[in-house]
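A.B. asks: Below is a structure I'd like to ask you about.
The values are calculated or read from the model by the stated rules, or taken from the named source; none is laboratory data. Just so we're clear, the structure is a prediction, and the values are computed from it rather than from any experiment. Cβ placement follows ideal geometry from the backbone for every residue including glycine, while neighbour counts extend to all protein chains displayed.
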Amino acid sequence: MQNKLLKPRIPSFENKFLGFIEKHIMVIAVFLISAAAIAIRALLFDHLSIDAYNFLIPWYDTLAEKGFAGLSEPVGNYNILYQTIIALFTYLPIKALHTYKLFSCVFDFLTAGLVAYVIYKSFSKRPRLKALIAYAAVLMSPLVFLNSACWAQCDVIYTFFCIFSVYHIYQEKYVSSLILFGVALTFKLQAIFILPFLLFVYLYKKRFSILYFLIIPAVMVVLSLPGLFMGRGFKEIFTIYLKQTSEYKSMAMNYPSFWLLFKTEGLDSFYKEFSTVAILLTFAVLLVLIIAWLKKKVAFTLENVLIMAFLISYTCVLFLPSMHERYGFIYEILGLMLAFWFVKTIPLLVLMYFTSIATYSNYLFQLSTNSTVLCVINTLVYVAYVVYLSRQLFKEKEEAATVLQDKKA
């Protein structure tokens, strides 16, 4: 009797409140994470980067002055689709800087939701918890909110469509995958880092015609129709990217490229000597990877699909010339996703993110960094990823072969 009297009692309304929290804990967690992510981005919305001051805002002002008539000629070096979207935003009562950032931040949440969905559908053990962690990891990644909310860049937009495209490839939805890739490429040229993976799938699966790749330019044309109607030339849809590739003639543009192992100063003259070498080396490394995967006939599981897309995009950015620090955004998100299957890669992921954050900080906040050290770290991380993930790709086949031999014995 005495024990019952000493037992603490919770008021009924409080008990109901705690029961509500327990029942809806996942929904509450998503709400709190989303609120925190919004708060972080709101605090960064007024940060004016050099890119925004010199390029984005002047482009916006030009379109605001000319309206849709401004689509008749190139404004800046973005493609027709993005230029059309900015032209639409000029009619909204929002500051120029905020329109760029708001658009990209919407895709922060879409990308986090997509990654969470893929993780949720891929695991039978605690899928909701893992999906929640994935959602939080994307939204709270400094690379993500610095890119969109601080820098006003749009890398998360084309990355969203690239990841969606890769997921549809895994599901063998080839038409929709190529449509999604076409959308990604219409937003930004850097989506092309996924193209070698799509070509590998064509060679490996033999399930669709090479003519299907015409879907990509068809999508680019359709999404550029507003500009075409206003008088832009058909060729501009594609030549604008050729101009971009010829605009920067340096072996590295604040990205810890493989080539910084050899030279960190005078990169413009280094470009003249070694740019073609860099392209050929990139092609050779990709060819070795693709031939190995074809010969080994790797299983087409989701984790293997993500591994191959990750390694191909990482290879392109590490070895190609004229890479900016933001161009690793695709493989950085793919690397985050792979950590759910391969926990041992988390230290590599941390080092990868460390190098990228350092390069971001160098540009955004003028913090001095040692490019040689970052280059060494980045190259070693790449090699470690290639070695470890290649073993994982071939592991299933080796285990199946061992089981078969045991049965024969």
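A.B. asks: Quick one: which of Ala339, Ala292, Ala284, Ala299 is surrounded by fewer than 17 Cβ atoms within 10 Å (Cβ to Cβ) and in contact with a Ser or Thr (Cβ under 9 Å, 6 or more places away or on another chain)?
C.D. replies: Residue meeting the stated conditions: Ala292.
A.B. asks: Exactly one condition in (1) buried (at least 18 other Cβ atoms within 10 Å of the Cβ); (2) acidic (Asp, Glu); (3) assigned to a loop (DSSP other than H, G, I, E, B) is not met by Asp46; state its number.
C.D. replies: It fails just one condition, (1).
A.B. asks: List pairs: first in region 216-232 and assigned to a helix (DSSP H, G or I) and at pLDDT 90 or above, second among the hydroxyl-bearing types (Ser, Thr, Tyr) and crowded, with 20+ Cβ neighbours inside 10 Å, Cβ under 6 Å, 6+ apart or cross-chain?
C.D. replies: Final answer for the pair search is Met220/Thr186; Leu223/Thr186; Pro226/Thr84.
A.B. asks: Could you grab me the full set of residues in region 18-43 that are part of a helix (DSSP H, G or I), farther than 30 Å from Ser361 by Cβ and free of Cβ contacts under 8 Å to residues at least 12 places away in the same chain?
C.D. replies: Leu18, Gly19, Phe20, Ile21, Glu22, Lys23, Ile25, Val27, Ile28, Phe31
A.B. asks: For the structure I just gave you, tell me whether Leu81 is within 23 Å of Phe329 (Cβ to Cβ), modelled with pLDDT of 95 or more and part of a helix (DSSP H, G or I).
C.D. replies: no
A.B. asks: Suppose we filter region 249-277 for residues that are under 23 Å from Gln190 (Cα atoms), hydroxyl-bearing (Ser, Thr, Tyr) and surrounded by 14 or more Cβ atoms within 10 Å (Cβ to Cβ); how many remain?
C.D. replies: Residues that pass the stated criteria total 5.
A.B. asks: Looking for whichever is in contact with a helix residue (DSSP H, G or I) (Cβ under 9 Å, 6 or more places away or on another chain), aliphatic (A, V, I, L, M) and at pLDDT 95 or above here; the options are Leu267, Leu280, Leu334. Which one fits?
C.D. replies: Leu334
A.B. asks: Here's something else I'd like to know. Would you mind stating whether Phe161 is under 12 Å from the mean Cα position of the chain (by Cα), hydrophobic (A, V, I, L, M, F, W, C) and either within 30 Å of Glu65 (Cα to Cα) or surrounded by fewer than 22 Cβ atoms within 10 Å (Cβ to Cβ) (or both)?
C.D. replies: Criteria not met by Phe161.
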